[in-house]
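The block underneath contains the structure these notes are about, expressed in structure tokens.
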């Protein structure tokens, strides 16, 4: 077993020595860090030094996707040890400018969003639960299933919104519609969802008909930027897992459009992946999973909301809940791995498996977080003085 080498790849990996691991390359084993290896990396070939320096994330991610790099044992276990050190990754923003800072025009953002969500309802149905909820669940107990957690999450959001019969509720980025259907059935609200995904709209409309909610719930193909010119207002507005697609330059524009359709005293709930600070985003994630995706920091969203006279009522972190959600998704995904590989190809399956495991690891390590922010448009003195949803 070697620790000293002239090989650039091994020398580069030695910076990630917080948790010891072994690298096997061409019949030799190199040890990184001190102590017994927490995981083992198998390399079939070199990874170019220039690629590692341009983007460590892209270089290692693509090597895993094409099978040049593999992990012995559990992928999450390895990534959980490794991705807590993402601050040591290299990223040349100049060379990656077009990828990291893609156009935030309507046309391009629609293309970016649909590239992820229009992969196909049949694909998502394989590994999501039957609510078709593609966002963080809420686990009340250790025994909760994925379905339980998604129902818990929606129940918690609807309670936070303090809904009353015949209120109007807008869901910005409504997905496949589970939240609005539940709101209409259990609270008697009038619900409208907007999405850019034709696949999601199609499935949502099928659900509305199946549930007998035609006339109470509807869905529109609409960009959030068109809300301001829409001749409608709502008592409540919610957005789950959509703010991440808006882009840093457009956070205020998003808030302005939500403000435009919310009645005075109305409540807005934002549920989104967040970060401690303002980062441009991960190159591999932007290239292969969420083109254009950028994670807002908690502080910048609170600041923007305050500038528009939104009063913060509650902030809650669900970071560990998202880690558990992702681990259940990746289990479901791998239960259908052969079917997915036959339909989408081996490289796609490895890419998606890496995405689910990497996200779980970054949530577990606090690289990213999940926050729910509840605010009112102006002062609302009609709400209970204590946390009514507990």
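None of the figures in this text is laboratory data; all of them are computed from the coordinates on show. If you're wondering where the values come from, they're calculated on a predicted model, not measured in any experiment. Positions of Cβ are backbone-derived with ideal geometry, glycine not excepted, and every protein chain shown enters the neighbour counts.
A simple packing score, the average count of other Cβ atoms within 10 Å per residue, orders the peptides 59-67, 238-246 as 238-246, 59-67, with the highest score first. Spin-label model, residue 205 to residue 307: label points 7 Å out along the Cα-to-beta-carbon direction sit 3.8 nm apart.
Model label sites at residue 26 and residue 389, defined 7 Å from Cα along the beta-carbon direction, differ in position by 5.7 nm. Evaluate E = 1/(1 + (r/R0)^6) for residue 48 and residue 17, where r is the Cβ-Cβ distance and R0 equals 22 Å; express this FRET efficiency to the nearest 0.05. About 0.50, to the nearest 0.05. One way to sum up the overall shape of region 45-203 is the equivalent ellipsoid from its Cα gyration tensor, whose semi-axes run 38, 22, 15 Å, largest first. Structural descriptor for region 122-238: relative contact order 23 percent, calculated from alpha carbon pairs under 8 angstrom and at least 6 residues apart. One quarter of the convex hull surface built on the alpha carbon atoms of region 300-390 amounts to 8.6 nm², the projected area averaged over directions.
Translational D (Stokes-Einstein, µm²/s) of region 130-189 at 37 °C and 0.692 mPa s when Rh comes from the Kirkwood sum over C-alpha pairs? Approximately 274 µm²/s, per Stokes-Einstein. For the chain, the longest principal axis of the alpha carbon atoms and the long axis of helix 251-260 meet at an angle near 20°.
Using the Cβ-Cβ distance between residue 74 and residue 166 with R0 set to 51 Å, the FRET efficiency from 1/(1 + (r/R0)^6) comes to roughly 0.50.
Mean-square fluctuations from a GNM of the chain, with a 10 angstrom spring cutoff on Cα atoms, peak among 211, 142, 278 at 142. Our summary of shape: the Cα atoms of region 187-313 have principal axis extents of 44, 38, 26 Å, ordered from largest down, in whole angstrom.
Classify region 255-357 as rounded, prolate or oblate from the Cα gyration tensor: take a ≥ b ≥ c as the square roots of its eigenvalues, call it rounded if a/c is under 1.5, otherwise prolate when a/b beats b/c and oblate if not. All intermediate terms of the calculation are to be shown ahead of the outcome.
Details: a/c = 2.58, a/b = 2.28, b/c = 1.13.
Here region 255-357 falls in the prolate category.
Sort region 8-92 into rounded, prolate or oblate with this rule: let a ≥ b ≥ c be the square roots of the eigenvalues of the Cα gyration tensor; rounded if a/c is under 1.5, and if a/c is not under 1.5, prolate when a/b is larger than b/c, oblate otherwise.
Numbers: a/c = 1.35, a/b = 1.16, b/c = 1.16.
Because its axes are fairly even, with a/c under 1.5, region 8-92 counts as rounded.
Could you pull out which residues in region 171-185 have an amide N less than 18 Å from a spot 7 Å beyond the Cα of residue 140, following the Cα-Cβ vector? Within reach of a label on residue 140: 179, 182-183. Mean sequence separation of contacting Cα pairs (under 8 Å, at least six apart), scaled by the length of the chain, corresponds to a relative contact order of 17 percent. Only helices enter this figure: runs of n ≥ 4 DSSP H residues, each worth -39500 (n - 2.57), summed and divided by the residues of the chain, yield -12000 deg cm²/dmol at 222 nm to the nearest 500. On the beta carbon distance between residue 331 and residue 66, with R0 = 25 Å, the FRET formula returns roughly 0.55.
Using alpha carbons only, how many degrees (0 to 90, rounded to 10) separate the axis of helix 178-187 from the longest principal axis of the chain? Orientation of helix 178-187: about 30 degrees from the principal axis. Each DSSP beta bridge with both residues in the chain is either parallel or antiparallel, and the antiparallel ones are about 50%. Approximating the spin labels as points 7 Å out from Cα along Cα→Cβ, the residue 222-to-residue 108 distance works out to 2.6 nm.
Round to the nearest 10 and give me the degree value, 0 to 90, for the angle of helix 198-210's Cα axis relative to the longest principal axis of the chain. With rounding to tens, the tilt is 50 degrees. The largest-to-smallest principal axis extents of the Cα set in the chain are 69, 43, 41 Å. Could you give the length gained by full extension between residue 95 and residue 338, i.e. 0.36 nm per residue of separation minus their alpha carbon distance, to one decimal place? Extending this stretch completely gives an extra 83.8 nm.
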